[in-house]
1. So if R0 is 22 Å, what FRET efficiency would L9 and A100 give, r being the distance between their Cβ atoms, rounded to the nearest 0.05?
2. Give me the distance in nm between label points sitting 7 Å out from Cα along the Cα-to-Cβ direction at Q111 and D22, one decimal.
3. Of the listed values (1) 21.6; (2) 13.5; (3) 14.1, grab the one calculated as mean projected area of the Cα convex hull in nm² from the structure here.
4. Between helix 23-35 and the chain, what is the angle of the helix's C-alpha long axis to the longest principal axis, kept within 0 to 90° and rounded to the nearest 10?
5. On C-alpha positions alone, give me the angle between the axis of helix 2-19 and the longest principal axis of the chain, in degrees, nearest 10.
6. For the chain, with the dipole built from +1 on Lys and Arg beta-carbon atoms and -1 on Asp and Glu ones, taken about the Cα centre, which of Q74, A106, Q49 lies farthest toward the positive end?
7. How many lysine pairs in the chain, separated by 8 or more positions in sequence or lying on different chains, have Cα atoms less than 16 Å apart?
8. ³J(HN,Hα) across segment 96-112 via Karplus (A = 6.51, B = -1.76, C = 1.60, θ = phi - 60°), whole Hz, x for Gly/Pro?
Amino acid sequence: HVEDQFEKLQDVLERQIGIEEDPDTRVEKTLTLARLYGAELEDPDRARQWWEELIHESVAREEASRNLEQIYAQQEEWELLADLYLQRREEVEDAEGKKAVVIKLAGVYEQHLDRVEEAFHWYKELLALEPELASALRGVRRCGEALEDWEAVADADEKLLAAVEEEEAAQLQQE
């Protein structure tokens, strides 16, 4: 009975979106439909369709991006996820936000797309944002080995060793 009501609501919303002339009202109805498919009807394919419509609407971009990130990861759409992160990277202005996106971007390229050169590039960009970031140093090291860039591997090893030594020295001082 409840499912029938959701189906009727979905049909009405889809028809209204198709004929709605006011852009703000259209966005609101599209948001409602995307949320309905995502949360109530648990239909990620249909939710994805409506979130993709919203990704270019400034008022809904952040919510659409978060939802598409989850859907793309669940559906293992790694290229689309990487594209989403690239777009998000261009939009983020603060350093912490940019760092968080680049970490995800490097991971997708290395772990899911097996594109080591691109992952290597993003790990190096991470180091430009935070030179001592251990996860980025380890990423540069892994990718450097795969690409046989021994200079990058040696540099990453040197920085990782220095970080470990500093950590150990700090722990010894506390004891």
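The values are calculated or read from the model by the stated rules, or taken from the named source; none is laboratory data. Given the structure is predicted, the values throughout are model-derived calculations rather than measurements. No Cβ is skipped: glycine too gets one built from the backbone with ideal geometry, and neighbour counts run over all protein chains shown. All accessible areas refer to the heavy atoms of the entire protein, side chains included, with ligands and DNA or RNA removed. Shrake-Rupley method; radii C 1.70, N 1.55, O 1.52, S 1.80 Å.
1. Taking R0 as 22 Å, the efficiency between L9 and A100 is 0.05.
2. In this crude label model, Q111 to D22 measures out at 4.4 nm.
3. Structure-derived value, by its label: (3).
4. Once rounded, one gets 70 degrees.
5. The answer is roughly 90 degrees.
6. Farthest towards the positive end: Q49.
7. Count of close lysine pairs: 5.
8. 5, x, 5, 4, 4, 5, 5, 4, 5, 4, 4, x, 5, 5, 7, 8, 10
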